[in-house]
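Below: the structure, in C-alpha cells.
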Amino acid sequence: MRTFPLPHTGTDVSSIVLGFMRIADLDDDRIRRLVDTALDVGVTVFDHADIYGGAPHTCEKRFGDAVTLTPSQRERISIQSKVGIREGWFDFSKDHIVTTVESSLKALGIEHLDTLLLHRPDALVEPDEVAAAFDELHASGKVVGFGVSNHTPGQIELLKTAVTQTILFDQVQLSIVHSPLIAAGLTANMGTENQSIDRDNGLLDYTRARGITLQAWSPLQSGTASGVFVGDRKNYPELNDALDEIAEVHGSTPSAIATAWITRHPANIQVVLGTTNPDRVIEAARGSDIRLTRPEWYRLFRTAGHALP
Ligand SMILES: NC(=O)c1ccc[n+]([C@@H]2O[C@H](COP(=O)([O-])OP(=O)(O)OC[C@H]3O[C@@H](n4cnc5c(N)ncnc54)[C@H](OP(=O)(O)O)[C@@H]3O)[C@@H](O)[C@H]2O)c1
C-alpha cells in the first residue's frame with residue numbers, strides 16, 4: 001500500500017481510503033470481511049457520511065453494529081464522516097453540525113471522529129457558525145481534524161475568514177473518465193475546447209499549493225449514474241484496451257491501473273473506493289504501489305476521451 005505524510009499533521013496515511021456508502025444491505029459478516037481486508041492491506045482511512053444508506057446514519061450504524069475495532073486498530077484507523085446535506089437543502093448551521101456529529105458517533109459506536117468534512121457547499125453558509133461548531137467539536141474531543149468536500153478554492157477561502165481549524169481535505173469526484181479537475185488545466189484558455197472550461201476554479205493547483213489533500217470519490221465511475229468504466233467496452237473501447245495492455249505490462253489488473261492513474265499524480269490524491277468486494281480492495285492497494293510512466297498516464301487520459309493540445 002502506498003502511503004504519504006499528510007500535510008499539516010506529521011502522520012502517514014494510505015493512498016487508498018475505504019468508503020462505506022454502499023454497505024446498507026450487507027450483513028455483519030460481509031462488512032467485517034471488508035473491514036478486515038482493508039486493515040490487512042494497510043488502509044488507514046474509513047470514509048462515512050451521515051446520509052449514506054438513505055435514512056440518516058444508516059450506513060454508519062451498519063458499520064457500528066458490525067465492527068468492533070481493537071484499541072490498536074482504532075489508533076491506526078482514521079474514521080471520517082461528513083455533514084451538511086439534508087433532504088432537499090444544505091445546512092452548515094452550528095446546531096446541525098454539532099448534533100449530527102453526536103448522532104454519527106453514536107451510530108458508529110466510537111468516541112471521536114478523526115475527521116469531519118462539510119459534505120457540499122451550503123449557499124447560506126455563515127463562516128462564523130462553522131467556526132463555532134468546529135471549535136466546540138474540537139474542544140470537546142469529538143472531532144480531531146476538519147475538511148470539506150465538493151468545495152471550490154473561493155468557498156474554502158470564505159470559510160477561512162472565520163474558521164481557524166486547518167482545512168486538511170477536499171473530497172471531490174475524480175476518475176480517469178470524470179476528470180475536469182485535471183483536464184481543464186491542460187487546455188487552459190483554448191476557446192475551441194469545452195474541456196478548457198474551469199469547473200472548479202483551479203482547485204487542483206490551489207489545494208496543492210496549500211497542502212490541502214484531495215480525496216477522489218467514485219474513482220471507477222464514468223459519471224454519477226453512468227456506471228463503472230472498467231470493462232465497459234461499449235462506451236470506452238480504447239480506454240479499456242489501454243487499461244488491459246498497461247495492466248499486462250505491470251502484471252496487474254485494469255481496476256488496479258485505474259487506481260494507479262490517480263495515485264500517480266504528484267498531488268498525493270487519496271482514492272476513496274466504494275467497493276463492497278474485499279478482492280477489489282486488495283487490487284486497489286496493489287494498484288496504488290504501481291508508478292505509471294508518463295506515456296502510460298497520458299495514454300489513459302487521452303483514451304478516456306480528453307484532448308491533449
Ligand atoms: N463526497 C461526496 O460527495 C461523495 C459522493 C459519492 C461517494 N463518496 C464516497 O466515495 C466512495 C466511493 O464512491 P463510489 O462507490 O461511487 O466509488 P467506486 O469505487 O468508483 O464505485 C464502487 C462501485 O463500483 C463497483 N465496481 C468497482 N469496481 C468494479 C469493477 N471492476 N467492475 C464492476 N463493478 C465495479 C462496485 O461494486 P462491488 O461492490 O461489487 O465491488 C461498487 O458498486 C463512497 O463510498 C463514499 O465514501 C463521496
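Can you confirm whether the range 82-97 contains a residue that is outside any loop (DSSP other than H, G, I, E, B), aromatic (Phe, Trp, Tyr), over 24 Å from Gly141 (Cβ atoms) and touching a residue at least 12 places away in the same chain (Cβ under 8 Å)?
yes
Those residues that are part of a loop (DSSP other than H, G, I, E, B), within 16 Å of the ligand (Cβ to nearest atom) and in contact with a helix residue (DSSP H, G or I) (Cβ under 6 Å, 6 or more places away or on another chain), I need them from the range 1-23; list them, please.
Selection gives Ser15, Phe20, Ile23.
Suppose we filter Thr44, Thr11, Thr3, Thr58 for residues that are among the polar types (S, T, N, Q), under 23 Å from Val101 (Cα atoms) and within 19 Å of the chain's Cα centre (by Cα); which single one remains?
One residue alone meets the criteria, Thr44.
Would you confirm whether or not the range 217-226 contains a residue that is within 11 Å of the ligand (Cβ to nearest atom), closer than 15 Å to Val148 by Cα, at pLDDT 95 or above and surrounded by 16 or more Cβ atoms within 10 Å (Cβ to Cβ)?
Yes, because at least one residue in the range 217-226 is within 11 Å of the ligand (Cβ to nearest atom), closer than 15 Å to Val148 by Cα, at pLDDT 95 or above and surrounded by 16 or more Cβ atoms within 10 Å (Cβ to Cβ).
Is it the case that Asp198 is of a type outside the set (A, V, I, L, M), under 19 Å from the mean Cα position of the chain (by Cα) and farther than 25 Å from Leu273 by Cβ?
In short, no.
Take Thr99 and decide whether it is touching a Phe, Trp or Tyr at 6+ places or on another chain (Cβ under 9 Å), of a type outside the set (Lys, Arg) and either farther than 20 Å from Thr224 by Cα or surrounded by 14 or more Cβ atoms within 10 Å (Cβ to Cβ) (or both).
It is false that Thr99 is touching a Phe, Trp or Tyr at 6+ places or on another chain (Cβ under 9 Å), of a type outside the set (Lys, Arg) and either farther than 20 Å from Thr224 by Cα or surrounded by 14 or more Cβ atoms within 10 Å (Cβ to Cβ) (or both).
Checking Thr70 against (1) in contact with a His (Cβ under 9 Å, 6 or more places away or on another chain); (2) among the hydroxyl-bearing types (Ser, Thr, Tyr); (3) closer than 23 Å to Asp27 by Cβ: exactly one of these is not met. Which one?
Unmet for Thr70, out of (1) in contact with a His (Cβ under 9 Å, 6 or more places away or on another chain); (2) among the hydroxyl-bearing types (Ser, Thr, Tyr); (3) closer than 23 Å to Asp27 by Cβ: (1).
When you go through Asp50, Asp65, Asp27 one by one, which is the residue that is of a type outside the set (Val, Ile, Thr) and touching a strand residue (DSSP E or B) at 6+ places or on another chain (Cβ under 8 Å)?
None of the others qualify; the one that does is Asp50.
Could you identify the single residue in Leu18, Leu69, Leu6 that is of a type outside the set (S, T, N, Q), crowded, with 18+ Cβ neighbours inside 10 Å and more than 19 Å from Ile212 (Cβ to Cβ)?
Just one listed residue meets the conditions, Leu18.
Which count do you get for residues in the range 60-81 that are in a helix (DSSP H, G or I) and in contact with a helix residue (DSSP H, G or I) (Cβ under 8 Å, 6 or more places away or on another chain)? I'd like the intermediate steps shown before the answer.
The first filter runs over the range 60-81 and keeps only residues in a helix (DSSP H, G or I), leaving 60-66, 71-76.
Next cut, in contact with a helix residue (DSSP H, G or I) (Cβ under 8 Å, 6 or more places away or on another chain) only: 60-66, 73, 76.
Residues in the range 60-81 being in a helix (DSSP H, G or I) and in contact with a helix residue (DSSP H, G or I) (Cβ under 8 Å, 6 or more places away or on another chain): 9 in total.
Among the candidates Gly231, Gly305, Gly287, single out the residue that is small (Gly, Ala, Ser) and more than 28 Å from Leu34 (Cβ to Cβ). Break it down into steps so the answer makes sense when it comes.
Numbers: Gly231 fails: more than 28 Å from Leu34 (Cβ to Cβ); Gly287 fails: more than 28 Å from Leu34 (Cβ to Cβ).
Sole residue among the options that is small (Gly, Ala, Ser) and more than 28 Å from Leu34 (Cβ to Cβ): Gly305.
Return the residues of the range 159-200 that are surrounded by fewer than 17 Cβ atoms within 10 Å (Cβ to Cβ), touching a helix residue (DSSP H, G or I) at 6+ places or on another chain (Cβ under 6 Å) and modelled with pLDDT of 95 or more; say none if nothing qualifies.
Answer for the range 159-200, where residues must be surrounded by fewer than 17 Cβ atoms within 10 Å (Cβ to Cβ), touching a helix residue (DSSP H, G or I) at 6+ places or on another chain (Cβ under 6 Å) and modelled with pLDDT of 95 or more: Thr161, Ala162.
Could you identify the single residue in Ala258, Ala284 that is hydrophobic (A, V, I, L, M, F, W, C) and farther than 18 Å from Arg22 by Cα?
Ala258 is the lone residue from the list that is hydrophobic (A, V, I, L, M, F, W, C) and farther than 18 Å from Arg22 by Cα.
Limited to the range 130-158, what total is found for residues that are surrounded by 20 or more Cβ atoms within 10 Å (Cβ to Cβ) and more than 20 Å from the chain's Cα centre (by Cα)?
Qualifying residue count for the region: 4.
Which of the helices (runs of 4 or more DSSP H) found entirely inside the range 227-309 contain at least 2 residues meeting this: buried (at least 19 other Cβ atoms within 10 Å of the Cβ) and near the ligand (Cβ under 9 Å from one of its atoms)? Even if it seems obvious, please write down each step before you answer.
Details: elements: 237-249, 254-263, 278-288, 294-303.
By residue number, 254-263, 278-288.
With respect to Ala131, is the statement that it is at pLDDT below 95 and either among the charged types (D, E, K, R) or more than 23 Å from Val45 (Cα to Cα) (or both) true?
On the way: at pLDDT below 95: no; either among the charged types (D, E, K, R) or more than 23 Å from Val45 (Cα to Cα) (or both): yes.
No: the conditions fail for Ala131.
The values are calculated or read from the model by the stated rules, or taken from the named source; none is laboratory data. Quick caveat: nothing in here was measured; it's all calculated off a predicted structure. Cβ: placed from backbone, ideal geometry, glycine included. Neighbour counts: every protein chain shown.
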